[in-house]
Amino acid sequence: MEARGYIGAPIRRVEDRRFVTGRGRYTDDIVLPGMLYAWIVRSPHAHARIRAIRTEKARQHPGVVAVFTGKDLLDDGVGSLPTGWQIGPDMKEPPHYALAVDKVRYVGDGVAVVIAETKAAARDAAELVEVDYEELPAVVDAAEALKEGAPLVHDDAPGNLCYVWELGDREATDRALAAAHHVTKLEFVNQRLIPNAIEPRSAIGHYDPGRDELTLYTSSQNPHLIRLLLSAFVLKIPEHKVRVISPDVGGGFGSKIFHYPEEVICAWSSRKLGRPVKWTAVRSESFVSDAHGRDHITTAEMGFDRDGRIVGLRVRTIANLGAYLSTFAPGVPTWLYGTLLAGQYKTPHIHVEVKGVFTNTTPVDAYRGAGRPEATYVVERLVELGAHELGIDPAELRRRNFIQPDEFPYQTPVVLQYDSGNYEGALNKALEMADYWKLREEQKRAREQGRLIGIGLSCYIEACGLAPSKVAGAIGVRAGLYESAAIRVMPTGKVQVFTGTHSHGQGHETTFAQIVAHELGIPLEDVEVIHGDTAEIPFGMGTYGSRSLATGGSAIYRALEKVKAKARKIAAHKLEVAEEDLEFRNGQFIVKGTDRAIGFGDIALTAYVPHDYPEGLEPGLEENAFYDPANFTFPFGAHLSVVEVDPETGRVKLLRYIAVDDVGRIINPMIVEGQIHGGVAQGVGQALLEGAVYDRSSGQLLTGSLLDYALPRADDLPSFEVGHQETPCPHNPLGAKGAGEAGTIAATACVVNAVVDALYHLGVRDIRMPLTPERVWRAMRGLPTDGHAS
Ligand code: MCN
C-alpha cells in the first residue's frame, strides 16, 4: 500500500503552475458572447425607508439595457434568500430579498441593478438612479440593539432579537462557580472582521432559452448548495435546469460559502434579457457586501479550585448577526461556538447563553474558524488570566486540567464527544521548541532592563470536517453533511477524480491526487482532480469547516476501494486465480508468492475492451461514493508566541510564533504547513490589526477600504516555527483531521495572551482587540480601552 509513498510526501502544488503563470481562470476572466454587465446601486444609508426609485434617467444612458429594482424581482416571483440553519423553533427569519423592497437595512444593501453593454456604462448610469429615502435611526452595536427603544431593524423581530440559545446545565454551573475557590471574569468584544479574499466576488448568469437552462458561474466555495437554494427557493426553477460552475476562486476564508444576492440578480436578469449578465465587485464594494465575521460581546467566568482545577465556565454572548440572516449565520455563534467551550480541559460544568441580534450592519456569517476562534478566545484568555491570578505558571495550569490521552472518547458537558487527543504531548513539544523555561528567564532579565517581553500560550481544540448528517440534522442544519466522490479510470489507466468539495487555495488538486496515486500505485501525473461544476460532479456539500480532506478525501478513499474491488475481479479472471490469492502492490495485482502479475493499466484497458472478461461483470471502471462520517474530527494543538511591547509607544512586535498542531495523519506536510502559516497570519491579524468600525450614529462603515482596515502584511509577522504531532483520527479511513482553520483558531488568543503577559505586572488584565499601539499605550497607563463601538 505504501508503494509510491505519495501520502505524507511534501509535494509542490500541481495547481500552482497555472496560478503563477497567470493562467488561472476566475469568474471575471470568463467573457461570453453578448455578455452584459451589472452594477448594483447600493444604499448609502444604514436604515431608511425607500419612498421611490426613479430609473428613467439611468435607462436613457447610452449602453444601458435595463434597470431593475427589488419590486421587479418580487413581482416576478423571485423568493427571498433562505437561511440554512434553524436555531430553535422561535428563530426570527425575516425575508432577505436580493434587492431591498421597502426598506434598506445596512450601508451597501442593494436597491437596484443597472445592466449595460459595458461595466463603465452600467457604473455611470447607476449614478443616475434616483432613490428617495426616508432616513431612519440606525443601530450597529448588538448590545445597543437589545436595549429598549432601539431602532427596529425588522418589524417582525421585536427587540431585534433573532434567537436566544443556550447549552449546558445552568444550575450546576452556577453552583460550581458559587463554590469555586477563585473565579476569573472577563468582559470583552470579539470584534467584527472583514474577510478580504484576494479575488472579489463575481457572478455570471447565462440563460440558454433554447434548452431552457440556466448556468451560473460564481466565485463560490459551494456550487451544489448554491444550485439547490437558487433553484428550489429563490428562482423556483427545476434543479436539473440549473448548472453552477465555480471555476478558479481566489480565496474565500468562509466568505464565499453563502448564497449572495448578486448570484440571484445575474441569474434572474439573464433569463429576463436572454443575454449573459456579469457582476464583479470592486474592493470597496466587497467591504460592505461580503459577509463579515465574529462580532461578539461576551461576559465569561471561569471558576477554579484551590489547585487550579477548572470547576465551571459560564458564558454570556451577544452575537451581532447583521441586517439579515446569511446562509449559515445562525449556527456560527451557537453550535460552532458553544460546543467548543470545554477546550482541551476537563471542565465539569459549562453553561452558555447566546443572543443572536439584528443590527443595521452587513450580515455576519462564517469567517475562517467560524465560532471556534471565538470559543478558543474565551477559554484560552480565561485559563491564561486565571493562571496569572492564581500565581500558577500558565503551562502548568493547563497541564493540570488537560483531558488525558487514555480518557478518549471524551464526552464534554457541551454535546461533543472528542474522539482522540494528546494535548500534553502537543504542549510539551511547543514548550520544547520555544525553550520555555529559558524564555521565562530571559523575560525576567529583560523586565529588569525595562523591556516588556510577553509569552503567550493557546491550547486549542476544534471540531471540523463538518459532518455527519445525523448530527447536522439534530442541530438544525437544513442540509446533510456528507461528501461525494467519483473515480473515473480511463481505458489508458489515467484517472479523473470528481469531488464535491471546492478548492480555492487549499491545494486539493494536489493532495487528493496524492491519495489516489498512492492507493492505486500510479504516477501522480496520471491523476486529475475535478471540482466546482455541478454538471460534472455527482453532488457536493462544498468546502468550509476544514471538511474537505476528512470528509471529501474519505469519500474518494471509499470510491477507490470500490474501484480496487472491481479491478481485483478483473485481475483474478485474467490471472486465473481466486481473488483472495492476489495482493495489490505497486500498482499491480500479484499472485501471492509468485512473480505473476497484472498492472493497473492493463486492468483498466480490459475493463473497457472486455473481450476476455469475468462472467456477469459490467464493463468500465468508474465508481461513486457518498461518505457520511461517524463524528466530527478534532484537531488540536499548542501555540506559543513571544512579543515585545514598546513602553513608549505601545507598539507590539511579534518576535516568535511557534505552532504545534495535530491534524491527524498528514497527506502533504508542505500544504499543511502553508495552511497553518496562512491561518496564523489571519489570527494574528485579528489580535493586533484588524477590526471593522461602524459609525455609531450614522451606521457608516468607517473601515471601508484597505486604507482603513489593516490586514497583516509580511513585515508584521516573524518566520513561523511549525511542529507537528500525529494522532490519527480513529473514525475515518485516512486517519486525517482538518488543518485549514487551526492556525486562525489558535493564534488570536495566543498573541493577546502574550501581550497581557508582558503587561500583567503593570496591572493590565485585558486589552480590547485589535491591540493597536494606542490601546496598548492606554492600557499601560490604566486608561480604558473598551466600549462596545464595533
Ligand atoms: N491536509 C493534509 N493533511 C491533513 C489535513 C489537511 O494534507 N491531515 C491538506 C488537505 O488535503 C487540503 C488542505 O490541507 O489540501 C486543507 O485541508 P482541510 O483541512 O480539509 O480544509 P479544506 O480543504 O476543507 O479547506 C477549508 C479551510 C477553511 S474552512 C478556510 S476558511 C480556509 C482554509 O481552508 N480558507 C482558505 N484555507 C484556505 N487557504 C486558502 N489559500 N484560501 C482560503 O480561502
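The values are calculated or read from the model by the stated rules, or taken from the named source; none is laboratory data. Keep in mind that this is a model prediction, so the values were computed, not measured. For neighbour counting, all protein chains shown are included, and Cβ atoms are generated from backbone atoms with ideal geometry for every residue, glycine included. SASA here: full protein model, heavy atoms, side chains in, ligands and nucleic acids out. Shrake-Rupley method; radii C 1.70, N 1.55, O 1.52, S 1.80 Å.
Considering only the stretch 35-48, I want to know if a residue exists there that is open to solvent by less than 50 Å² (accessible area, probe 1.4 Å) and more than 30 Å from residue 71 (Cα to Cα). No, because not a single residue in the stretch 35-48 is open to solvent by less than 50 Å² (accessible area, probe 1.4 Å) and more than 30 Å from residue 71 (Cα to Cα). Pairing each residue of the stretch 493-516 that is farther than 21 Å from residue 226 by Cβ and within 12 Å of the ligand (Cβ to nearest atom) with any residue that is open to solvent by 10 Å² or more (accessible area, probe 1.4 Å) and part of a helix (DSSP H, G or I), provided the two are 6+ apart or on different chains, yields C-beta distances under 7 Å for 507/671; 510/671; 511/549; 511/671; 513/524; 514/524; 515/557. Here residue 697 meets the list (1) open to solvent by 10 Å² or more (accessible area, probe 1.4 Å); (2) in a helix (DSSP H, G or I); (3) more than 15 Å from the ligand (Cβ to nearest atom) almost entirely, failing just condition (2).
Confirm whether residue 255 is in a helix (DSSP H, G or I) and at pLDDT 95 or above.
Working: in a helix (DSSP H, G or I): no; at pLDDT 95 or above: yes.
Taking the combined requirement at face value, the residue does not satisfy it.
Within the stretch 257-305, take every residue that is touching a strand residue (DSSP E or B) at 6+ places or on another chain (Cβ under 8 Å) and acidic (Asp, Glu) and give me the one that is nearest to residue 231 (Cα to Cα). If we take residues in the stretch 257-305 being touching a strand residue (DSSP E or B) at 6+ places or on another chain (Cβ under 8 Å) and acidic (Asp, Glu), then 263 is nearest to residue 231 (Cα to Cα).
Examine the stretch 541-549 for a residue that is closer than 30 Å to residue 229 by Cα and more than 13 Å from the ligand (Cβ to nearest atom), and state whether such a residue exists. Looking through the stretch 541-549, none of the residues is closer than 30 Å to residue 229 by Cα and more than 13 Å from the ligand (Cβ to nearest atom).
Criterion first (over 30 Å from residue 177 (Cα atoms), touching a Ser or Thr at 6+ places or on another chain (Cβ under 7 Å) and more than 16 Å from the ligand (Cβ to nearest atom)) does residue 276 satisfy it? Taking the combined requirement at face value, the residue satisfies it.
Every residue, every condition in (1) of a type outside the set (D, E, K, R); (2) assigned to a loop (DSSP other than H, G, I, E, B); (3) touching a Ser or Thr at 6+ places or on another chain (Cβ under 6 Å); (4) open to solvent by less than 10 Å² (accessible area, probe 1.4 Å), yes or no:
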site: 318; (1), (2), (3), (4): yes, no, no, no
site: 354; (1), (2), (3), (4): yes, no, yes, yes
site: 362; (1), (2), (3), (4): yes, yes, no, yes
site: 369; (1), (2), (3), (4): yes, yes, yes, yes
site: 375; (1), (2), (3), (4): yes, no, no, yes
site: 380; (1), (2), (3), (4): no, no, yes, yes
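Note on the stretch 500-537: among residues that are part of a helix (DSSP H, G or I) and of a type in the set (Ser, Thr, Tyr), the one that is surrounded by the most Cβ atoms within 10 Å (Cβ to Cβ) is 511. The set of residues from the stretch 735-773 being open to solvent by less than 10 Å² (accessible area, probe 1.4 Å), within 16 Å of the ligand (Cβ to nearest atom) and closer than 19 Å to residue 195 by Cα comprises 742, 743, 744, 745, 746, 747, 748. Scan the stretch 643-687 for residues that are open to solvent by less than 10 Å² (accessible area, probe 1.4 Å), touching a strand residue (DSSP E or B) at 6+ places or on another chain (Cβ under 6 Å) and over 23 Å from residue 194 (Cα atoms) and the total you get is 9.
Selection of the stretch 195-242 for residues being within 16 Å of the ligand (Cβ to nearest atom) and either outside any loop (DSSP other than H, G, I, E, B) or surrounded by 24 or more Cβ atoms within 10 Å (Cβ to Cβ) (or both) yields 201, 202, 218, 219, 220, 221, 222, 223, 224, 225. When 107, 31, 20 are checked against the criterion of being surrounded by 16 or more Cβ atoms within 10 Å (Cβ to Cβ) and among the aliphatic types (A, V, I, L, M), a single residue qualifies: 107.
Can you confirm whether residue 486 is under 25 Å from residue 27 (Cβ atoms), more than 16 Å from the ligand (Cβ to nearest atom) and either at pLDDT 95 or above or not aliphatic (A, V, I, L, M) (or both)? Yes, satisfied. For the condition of a type in the set (A, V, I, L, M), open to solvent by less than 10 Å² (accessible area, probe 1.4 Å) and assigned to a helix (DSSP H, G or I), residue 267 qualifies. Scanning the stretch 243-252 for residues that are crowded, with 24+ Cβ neighbours inside 10 Å and in a loop (DSSP other than H, G, I, E, B) yields 246, 249, 252.
Cβ-Cβ contacts under 8 Å between residues 6 or more apart (or on different chains), taken from a first residue in the stretch 64-77 that is within 24 Å of residue 118 (Cβ to Cβ) to a second residue that is part of a helix (DSSP H, G or I) and open to solvent by 60 Å² or more (accessible area, probe 1.4 Å), are listed as 66/59; 66/272; 67/59; 68/272.
When 452, 466 are screened for being at pLDDT below 95 and closer than 30 Å to residue 751 by Cα, only 466 passes.
Hey, among 135, 117, 127, which residue is in contact with a Gly (Cβ under 6 Å, 6 or more places away or on another chain) and open to solvent by 40 Å² or more (accessible area, probe 1.4 Å)?
Values: 135 fails: in contact with a Gly (Cβ under 6 Å, 6 or more places away or on another chain); 127 fails: in contact with a Gly (Cβ under 6 Å, 6 or more places away or on another chain).
Going through 135, 117, 127 in turn, just one is in contact with a Gly (Cβ under 6 Å, 6 or more places away or on another chain) and open to solvent by 40 Å² or more (accessible area, probe 1.4 Å): 117.
Evaluated against (1) assigned to a loop (DSSP other than H, G, I, E, B); (2) away from the ligand (no atom under 16 Å from the Cβ); (3) at negative phi, residue 327 falls short on exactly one condition, (2). As a summary of the residue check, residue 739 satisfies the conditions (1) over 22 Å from the mean Cα position of the chain (by Cα); (2) within 30 Å of residue 560 (Cα to Cα); (3) not acidic (Asp, Glu) except for the one numbered (1).
For residue 69, are the conditions met, namely being within 30 Å of residue 32 (Cβ to Cβ), surrounded by fewer than 21 Cβ atoms within 10 Å (Cβ to Cβ) and β-branched (Val, Ile, Thr)?
no
Got a sec? Which of 632, 626 is within 15 Å of the ligand (Cβ to nearest atom), open to solvent by 10 Å² or more (accessible area, probe 1.4 Å) and in contact (Cβ under 8 Å) with a residue 60 or more places away in the chain? Spell out the reasoning first.
Details: 626 fails: within 15 Å of the ligand (Cβ to nearest atom).
From the options 632, 626, the qualifying one is 632.
Looking only at the stretch 288-298, decide whether some residue is within 16 Å of the ligand (Cβ to nearest atom) and charged (D, E, K, R). Within the stretch 288-298, one or more residues are within 16 Å of the ligand (Cβ to nearest atom) and charged (D, E, K, R).
Select from the stretch 152-182 the residues that are surrounded by 18 or more Cβ atoms within 10 Å (Cβ to Cβ) and farther than 20 Å from residue 330 by Cβ and list them in ascending order. 173, 176, 177, 180 - these are the residues of the stretch 152-182 that are surrounded by 18 or more Cβ atoms within 10 Å (Cβ to Cβ) and farther than 20 Å from residue 330 by Cβ.
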